[in-house]
């Protein structure tokens, strides 16, 4: 079976095919033998390909095999479920960087899912940064380090990909495996940042410019977040930088769409003691939107300044639970849940 590729996926008349018969074997063996550091006998190839031919895919350029993946599917030893295994993946050196490897892995993962697998594992050398990056981008996570796993003495990482989301949270002392589409991906955001980006996009083409005030962390996450905000046209002149890591939210999503969130405050709660510098920003604002995840005194001072300057202040009541005084000079709301 052939799987034609779009030009964006792969250039130069490349196509993807499922293993057909013995005539495909020499091209696969030749490619993998020159590409992988671990030597294999022909019996190893035959073991995998003859037993699981529908889990072997090739990338063809004309009549030449320039990419291949070989996998298997077994019954998991610890439970009555299927476990996939990626034994070999190789792509011609001059064609790397064209997402050929990703396409081959996706074909196999899709087929494993169809066959009822609940997870897929593999091993790769700790020094193979290209392979580690590829698998990480597809949702694989490191399970363990295997010392001197290969014949050349190199260590390996065992990586795992989980197909299924959980239907419920684990009980005390229980371990459940799970996977969602964004497993292993760190996404810049947060309610305040997301709302600021939305405001900036709404203000596009007008004289107004949305301003975002926060405390950036001292790590690479902060650099990424700052760049995303700048790219979305936000004024960050009121932001500070704390000597703490960035705040993070860990979101636990169940199959029915419900979620629970664990927040690590980090730089979000490391604001300076004085917030008088915000006065110049509030004086000229059309409206001010506050978040519960920042210190209470920052919100109270901002509300007071807004009231003095007769600027509408909206308090997002989502996030950390706090009491609101009756005289609170802010309109409560949940902007992130508005449609």
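With 213, 228 as the choices, which residue is at pLDDT 85 or above, in a loop (DSSP other than H, G, I, E, B) and surrounded by 14 or more Cβ atoms within 10 Å (Cβ to Cβ)?
213
So residue 93 fits all but one of (1) within 26 Å of residue 65 (Cα to Cα); (2) surrounded by 13 or more Cβ atoms within 10 Å (Cβ to Cβ); what number is the exception?
That leaves (2) as the condition not met.
If you check residue 184 against the conditions, is it at pLDDT below 85 and at positive phi?
yes
Hey, does region 26-49 have a residue that's assigned to a strand (DSSP E or B) and crowded, with 19+ Cβ neighbours inside 10 Å?
For region 26-49, residues assigned to a strand (DSSP E or B) and crowded, with 19+ Cβ neighbours inside 10 Å: absent.
Please give the number of the condition residue 41 fails out of (1) modelled with pLDDT of 80 or more; (2) touching a strand residue (DSSP E or B) at 6+ places or on another chain (Cβ under 7 Å).
(2)
Tally the residues that are at pLDDT 90 or above and in a strand (DSSP E or B), restricting the search to region 120-143.
6
Out of region 291-317, which residues are part of a loop (DSSP other than H, G, I, E, B) and over 21 Å from residue 216 (Cβ atoms)?
If the condition is that a residue be part of a loop (DSSP other than H, G, I, E, B) and over 21 Å from residue 216 (Cβ atoms), then 309, 310, 311, 312, 317 are the ones that fit.
Can you pull out the residues in region 96-116 that are surrounded by fewer than 17 Cβ atoms within 10 Å (Cβ to Cβ) and under 11 Å from residue 58 (Cα atoms)?
Within region 96-116, no residue meets the criteria.
What's the total number of residues in region 86-107 that are more than 14 Å from residue 35 (Cα to Cα) and in a helix (DSSP H, G or I)?
7
Please go through region 127-147 and pick out each residue that is free of Cβ contacts under 8 Å to residues at least 24 places away in the same chain, more than 14 Å from the chain's Cα centre (by Cα) and within 19 Å of residue 97 (Cα to Cα).
128, 129
For residue 179, work out the one condition from (1) at pLDDT below 80; (2) surrounded by fewer than 16 Cβ atoms within 10 Å (Cβ to Cβ) it doesn't fulfil.
Failed condition: (2).
Is it the case, given these coordinates, that residue 245 is assigned to a loop (DSSP other than H, G, I, E, B) and more than 19 Å from residue 269 (Cβ to Cβ)?
Criteria not met by residue 245.
Quick check on this structure: which one of 233, 205, 240 is in contact with a helix residue (DSSP H, G or I) (Cβ under 8 Å, 6 or more places away or on another chain) and in the same structural domain as residue 292 (by TED's automatic domain parsing)?
The match here is 233.
The values are calculated or read from the model by the stated rules, or taken from the named source; none is laboratory data. Worth saying up front: this structure is predicted, and the values here are computed from it rather than measured. Note that we place each Cβ from the backbone using ideal geometry, even for glycine, and neighbour counts take in every protein chain shown.
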